[in-house]
Amino acid sequence: MTTGKVCPVCQSTDLSPEWSGLIVVFDTNASKVAKATKITKPGRYALKVS
């Protein structure tokens, strides 16, 4: 389902309103979670998308 918005990371418009869990990355160099999930840009990320 498209919400009319664009993902700032991958530029996709195929976004889902159904998700659970949230990770917020401020500093990708200092975040162990960002490194483990291969996040390279600061931002908000859903952990599970339905």
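Taken together, the values in this text are just the output of simple stated rules run on the coordinates, not laboratory data. The structure displayed is predicted, hence computed values, not measured ones. Cβ sites come from the backbone with ideal geometry, for glycine too, and all protein chains shown count toward neighbours.
Worth pointing out:
- The residues of the range 1-20 that are hydrophobic (A, V, I, L, M, F, W, C) and not in a loop (DSSP other than H, G, I, E, B) amount to a single one, W19.
- Only one of A30, A34 that is among the hydrophobic types (A, V, I, L, M, F, W, C) and surrounded by fewer than 10 Cβ atoms within 10 Å (Cβ to Cβ): A30
- Annotation: of all residues in the range 21-50 being assigned to a loop (DSSP other than H, G, I, E, B), of a type in the set (D, E, K, R) and in contact (Cβ under 8 Å) with a residue 12 or more places away in the chain, the one that is farthest from Q11 (Cα to Cα) is D27.
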